[in-house]
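Structure first, commentary second.
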Amino acid sequence: MRDEYYANMKDVWKWSVVAGLAIPPEANRSPYERILYVAMMRPDEGNGDGQFFDDFNGANQVVADFFRHQERQAFGLQNDHGIQRPLLRRVRRITRLGDIIRCPIAYVGAEYRENRANQYFTEQVLPWLSVRQLSLPIVVLIDPDTGISQTNNPGDTQVAPAQIQVVWTAMRSRDVLVIYVQPDHNLGMGGEAARLGPMLPPLLPSQVRQEPFPFDNGGGLLVAVKP
């Protein structure tokens, strides 16, 4: 994830799915202790357009209201050495959504680097999985820029299968794993679910839920509940 992508279309739909998990429609409180947001932060590249996303048709209503009414200020532009940059467009602002859905969002904001990928997960992520104040499960959202790598040498924009397995092993029963993916056009979301399943024993690929985004880039989320 990058600050310049905060509150874009993918972000709205990503958090629509996660908020739907955190506070189901029939519940008046969250069944989860927290959402652990493993943002895998990378430096901006100047690709953010600074435009406010204003098409929320079909999105979770609470999430839509959060971005529409509370986050509009994040898109005021400032001039930074001749480049127009969003003034307050910061991923860490998403923790404010946790107050609204009554499920705290723990934001892992350390920079993700290819040469320290394993340390990132062992030092920045695993401690959060071992500290529980309640007996409730947690939701773990892993948000690489371009999804799951084909190998265990993922570069700095993907998460490796081995890293997913480390997180899954540390998770407890009833914890929920959510991963952003950008599937190969030939495989689609079903192909990504088939790849992820063997990384999450004893789950079968058919037990990995697919949440494709409702636009044409082919991305989406995979959701798995640990038995």
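For the reader, a short list of remarks on this structure follows.
- Legend: ranking of residues MET40, MET9 from fewest to most surrounding C-beta atoms inside 10 Å; resulting order MET9, MET40.
- Measuring max minus min along each principal axis, the C-alpha atoms of region 180-227 give extents of 33, 18, 14 Å (largest first).
- Considering only region 128-227, percent of DSSP beta bridges that pair antiparallel, nearest 5: 65
- Its Kirkwood hydrodynamic radius, worked out from the mean inverse distance over all distinct Cα pairs, puts region 90-135 at 12.3 Å.
- Cα Rg, Dmax, region 162-205, angstrom units: 11.2, 34
- R0 of 25 Å, Cβ-Cβ distance GLU111-PHE215: FRET efficiency to nearest 0.05: 0.30
- Sorting LYS14, LYS226 from the fewest to the most surrounding beta carbons within 10 angstrom yields LYS226, LYS14.
- Of all DSSP beta bridges in the chain, antiparallel share, percent nearest 5: 50
- Kirkwood-type radius of the chain, with distances r between different C-alpha atoms, in Å: 18.0
- Taking 0.692 mPa s as the viscosity and 37 °C as the temperature, the Stokes-Einstein diffusion coefficient of region 1-44 based on its alpha-carbon Kirkwood radius rounds to 275 µm²/s.
- Phi angles of region 197-209 translate, via the Karplus equation with coefficients 6.51, -1.76, 1.60 and θ = phi - 60°, into HN-Hα couplings of x, x, 7, 10, x, x, 5, 9, x, 5, 8, 8, 7 Hz per residue; Gly and Pro are given as x.
None of the figures in this text is laboratory data; all of them are computed from the coordinates on show. Small disclaimer: the values here were computed from a predicted structure and weren't measured. Note that each Cβ is placed from the backbone with ideal geometry, even for glycine, and that neighbours are counted across all protein chains shown.
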